[in-house]
Amino acid sequence: MTIVDINDTMTTAQPTSAQAKKDLPPSMVERMTLILDAFDGRAGRLTLEEVACRTQLPRSTVHRILDQLVKLDWVDHASFGYCLGRRARGLGGDGGHSQIREAAAPVLHELHLQTGMVVHLSVLDGRETVYLDKVGGRFAAALPSRVGGRVLAHSTAGGKAMLAWIDPERVDALFGATLPRCTENTIAEIGILHQELNRIRQRRGLAFERGESARGLACVAAAIRGHEGPVGSIALCGDIRTAQLERVAPLVVDAAREVSRSLYPELGAPRRGRKARPIPTNTFSAETMDRLLAASTEQWI
């Protein structure tokens, strides 16, 4: 007959909280690394629950560490979740930017060939836009923009196109009440910026710029949109004296949609029970474009 020591049984069957703690990475640095590694590739925006699931760390631990990472600019937090912040991107994490560049490259070149204008691909980074790509002819050399360069988002068509699709509260937090100017035409008050962003939404995402980021420059842009908001923007730029933005605006909208579908094919799928509608080549009629252009130029008259 085998005698079992009840104390041994209780010790063997005993859970766990001490055991669970042993299973966790022992240092804060290791836990932070697990969390930062969770933001990979195109899935650069994650909820708290998704980060906890990917790292296998307790939700409370993830929440506490993410709060610290947000304060130190390693991670950004918006209504749609968390993504890599300025510091993490500076160390080589691009938040999915390589996928955006790859998907957009043929579209940018085609857009330049169609219009002869300079094409910018940009992403939003806090209150600034970062140029991921620039395609153009002779006029491109005259523009101050460069790949990797930064400019205040509220001063550019591409930046405003993206700002129009994030929460107004987030815009307030980014800019405050008074906005810095790049030129005398730059929007300088948060209330006026919100009015402009509302006009962009009413124009189905079209954003215009006339001498706001640089004198003599005119641009039209549309956002590349993902599941939870804008992931980038495409802008056509030219000389303010000769650029016919109303003629090229439909091409910009189509280009942004094409890149969105390439990155997120499921967004272009028709709902169950409904047939997909063909996307027209000319998104806007001439009369509609006249009204859109008039609305965009009201503040300059």
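The values are calculated or read from the model by the stated rules, or taken from the named source; none is laboratory data. Note that the coordinates shown come from a computational prediction; the quantities given were computed from them, not determined experimentally. Methodologically, a virtual Cβ is constructed for each residue, glycine included, from the backbone with ideal geometry; neighbour enumeration extends over all protein chains shown. These area figures cover heavy atoms from the full protein model, side chains too; ligands, DNA and RNA do not enter into them. Shrake-Rupley method; radii C 1.70, N 1.55, O 1.52, S 1.80 Å.
Within the stretch 235-255, work out how many residues are among the aliphatic types (A, V, I, L, M) and touching a residue at least 60 places away in the same chain (Cβ under 8 Å). Walk me through how you get there before you give the answer.
From the stretch 235-255, those among the aliphatic types (A, V, I, L, M) are 235-236, 240, 243, 245, 248-249, 251-253, 255; that's our starting set.
Narrowing the set further to residues that are touching a residue at least 60 places away in the same chain (Cβ under 8 Å) leaves 235-236, 243, 248, 251-252, 255.
So the answer is 7.
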- Of all the residues that make up the stretch 211-236, how many are surrounded by fewer than 21 Cβ atoms within 10 Å (Cβ to Cβ) and basic (Lys, Arg)? 1
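Considering only the stretch 238-249, I want to know if a residue exists there that is open to solvent by 10 Å² or more (accessible area, probe 1.4 Å), in a loop (DSSP other than H, G, I, E, B) and in contact with a helix residue (DSSP H, G or I) (Cβ under 8 Å, 6 or more places away or on another chain).
If we filter the stretch 238-249 for residues that are open to solvent by 10 Å² or more (accessible area, probe 1.4 Å), which is where we start, we get 239-244, 246-248.
Right, trim to in a loop (DSSP other than H, G, I, E, B) and you get 240-244.
Remaining after also requiring in contact with a helix residue (DSSP H, G or I) (Cβ under 8 Å, 6 or more places away or on another chain): none.
No: the stretch 238-249 contains no residue that is open to solvent by 10 Å² or more (accessible area, probe 1.4 Å), in a loop (DSSP other than H, G, I, E, B) and in contact with a helix residue (DSSP H, G or I) (Cβ under 8 Å, 6 or more places away or on another chain).
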- Restricting to the stretch 142-176, what's the tally of residues that are open to solvent by 30 Å² or more (accessible area, probe 1.4 Å), modelled with pLDDT of 90 or more and closer than 17 Å to Ile234 by Cβ? 1
- Any residue in the stretch 85-106 that is in a helix (DSSP H, G or I), at pLDDT 80 or above, under 30 Å from Cys219 (Cβ atoms) and over 18 Å from the mean Cα position of the chain (by Cα)? yes
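Please enumerate the residues belonging to the stretch 134-180 that are among the β-branched types (Val, Ile, Thr) and more than 18 Å from Arg203 (Cβ to Cβ). Can you show your working first?
Going through the stretch 134-180, the residues among the β-branched types (Val, Ile, Thr) turn out to be 135, 147, 151, 156, 166, 171, 178.
Residues satisfying the conditions are Val135, Val147, Val151, Thr178.
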- What are the residues in the stretch 214-253 that are among the hydrophobic types (A, V, I, L, M, F, W, C), in contact with a Gly (Cβ under 9 Å, 6 or more places away or on another chain) and over 21 Å from Leu132 (Cα atoms), if any? Ile240, Leu245, Val248
- Selection within the stretch 254-271 - within 19 Å of Leu132 (Cβ to Cβ) and in a helix (DSSP H, G or I): Ala255, Ala256, Arg257, Glu258, Val259, Ser260, Arg261, Ser262, Leu263
- May I ask you to verify whether Arg138 is open to solvent by 30 Å² or more (accessible area, probe 1.4 Å), of a type outside the set (Phe, Trp, Tyr) and closer than 20 Å to Thr115 by Cα? yes
